[in-house]
Amino acid sequence: MDAREMKIKAADTALSYVEDGMRLGIGTGSTAEEFVRLLAERVADGLSVVGVPTSERTARLCVELGVPLMSLDELPELDLTIDGADEVDGKLSLIKGGGGALLREKIVASASSRMIVIADESKVVETLGAFKLPIEVNPFGIVTTRLAVERTAARLGLSGAIEIRRSGGSVFTTDGGHHILDASFGRIPDAEALATALNAIPGVVEQGLFINMASIAIIAGAAGVRTLKA
Ligand code: 5RP
């Protein structure tokens, strides 16, 4: 199985949790997009669901493939969100935001009764932090905010480069008009303490640590699919 086949396998397994009539949060990224493709086939066969997309990119794909959408304001409570992740640990704490959609992903997941993560085996880690932690920040005072992030992390014993994310030669801008700091802290032993400390910094809009949000992770590897439960 190559990486794409693993993503499809995880997405296909997640589909078995989707029931007729559900209000679905739909994630962002290449794994979530495999889920959208499979979901669209089921919708074409008569499955009735309404999706709330976590990004403009996901919204475009859903529209293209005929998955019915509503906004979160129209559908403020959701049954299930299915989304990918950049890292998953044994307690199902996650790093997300590699695709730059972490704020909407977190709002949508919080509005859902359940969140299921779909990923390939490469995303599973013992301790979060090998993947750079995305931190969504207001453009105003970004250098000041970066300094505050650096000092806050240092108080928790964490250090490392904190880069302003760029894309195609310019500063990356999220769907919400914010920028992203990618922090190379390395191993994050206390993700909850870091999340709380980062959220307290003026200028930080949200950070990519998803703690106590996912209840199931569907992990596809060469040997098959396994399900982790929180
Ligand atoms: C986007 C995300 C994605 O879920 C994460 O980056 C995983 O993406 P992929 O499935 O392409 O590896 O958090 O903000």
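A short reminder: the numbers here are calculations on the coordinates, not readings from a lab. Just so you know, these numbers come straight off a predicted model, no measurement behind them. Every residue, glycine as well, gets a Cβ built from its backbone with ideal geometry; the counts of neighbours run over all protein chains shown.
In debye to the nearest 20, how big a dipole does the stretch 63-186 give about its Cα centre with +1 on each Lys and Arg Cβ and -1 on each Asp and Glu Cβ?
Values: 12 positive and 18 negative charges, 124 e Å.
Around 600 debye, computed over the stretch 63-186.
With only alpha-carbon pairs counted, each pair once and no self-pairs, how large is the Kirkwood hydrodynamic radius of the stretch 133-206 in angstroms? Mind showing how you got there, number by number?
On the way: mean 1/r = 0.0808 Å⁻¹.
Radius from the Kirkwood sum: 12.4 Å.
Treat every Asp and Glu Cβ in the stretch 133-206 as -1 and every Lys and Arg Cβ as +1, leave all other atoms uncharged, and give the resulting dipole magnitude about the Cα centre to the nearest 20 debye. Present the calculation step by step, with values, prior to reporting the outcome.
Values: 6 positive and 8 negative charges, 50 e Å.
Computed charge dipole of the stretch 133-206: roughly 240 debye.
From the residues 29, 63, 39, which one has its Cα farthest along the dipole of the stretch 1-101 in the positive direction, the dipole being from +1 and -1 charges on Cβ of Lys/Arg and Asp/Glu about the Cα centre?
29
Run the helix sum for the chain: -39,500 (n - 2.57) per DSSP H stretch of 4+ residues, divided by residue count, reported at 222 nm to the nearest 500 deg cm²/dmol. List each step's numbers first, then the result.
On the way: 6 runs with 70 residues, N = 230.
Mean residue ellipticity at 222 nm (helix-derived): -9500 deg cm²/dmol.
When the dipole is taken about the Cα centre of the chain, and only Lys, Arg (+1) and Asp, Glu (-1) are charged at their Cβ, what size is it in debye, to the nearest 20? Please report the intermediate quantities before stating the final value.
Working: 23 positive and 31 negative charges, 122 e Å.
Roughly 580 debye for the chain.
In whole percent, what relative contact order does the chain give with Cα contacts below 8 Å and a gap of six or more residues?
Details: 502 pairs, mean separation 53.3, N = 230.
Once divided by the residue count of the chain, the mean separation gives 23 percent.
Pick out, from 124, 216, 181, the residue whose Cα sits farthest towards the positive end of the charge dipole of the chain, with +1 on the Cβ of Lys and Arg and -1 on the Cβ of Asp and Glu.
The listed residue farthest towards the positive side: 181.
Can you report the principal axis dimensions of the stretch 1-114 using only the alpha carbons, biggest first, rounded to whole angstrom?
If we take the Cα atoms of the stretch 1-114, the spans are 34, 33, 24 Å.
Can you give me the three principal axis dimensions of the chain from its C-alpha atoms, in Å, biggest first?
Principal axes ranked by extent give 53, 38, 33 Å for the Cα atoms.
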